[in-house]
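The values are calculated or read from the model by the stated rules, or taken from the named source; none is laboratory data. Quick caveat, the model's predicted, so the values are computed rather than measured. Ideal geometry is used to build each Cβ from the backbone, glycine not excepted, and the neighbour counts take in all protein chains shown.
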Amino acid sequence: MQCNIDSRGRVARIVTGLLTVAVGIGLIVASQAGSLPPWTLWAGLGCLGGGAFSIFEGVKGWCVVRAMGFKTPM
């Protein structure tokens, strides 16, 4: 896992990850309160997992998409 993104990409991934985790927490809380359908619990858990992975990418400076050979604009 070599560093394959610059500081702009790292910041973008961390910010995106934090926003996604916040949405996931909101979905889970709303689902448990009964104001949303039950499937939103799974969507919230997916957001938590995806957001956590995005934060991990930002902290490590590694992007899985770039590691597979795709060029990303950032």
Worksheet item: Is it true that VAL29 is more than 14 Å from the chain's Cα centre (by Cα), modelled with pLDDT of 90 or more and not small (Gly, Ala, Ser)?
Response: yes
Worksheet item: Any residue at all in region 45-55 that is of a type outside the set (Lys, Arg) and touching a Cys at 6+ places or on another chain (Cβ under 7 Å)?
Response: no
Worksheet item: Just a yes or no: is a residue in region 3-16 more than 18 Å from MET74 (Cα to Cα) and buried (at least 18 other Cβ atoms within 10 Å of the Cβ)?
Response: no
Practice prompt. Tell me which residues, restricted to region 20-51, are within 23 Å of VAL64 (Cα to Cα) and surrounded by fewer than 14 Cβ atoms within 10 Å (Cβ to Cβ).
Written response: ALA22, GLY46, GLY49
Discussion item. Here is a list: LYS71, LYS60. Which entry is surrounded by fewer than 16 Cβ atoms within 10 Å (Cβ to Cβ), in contact (Cβ under 8 Å) with a residue 40 or more places away in the chain and of a type outside the set (A, V, I, L, M)?
Written reply: LYS60
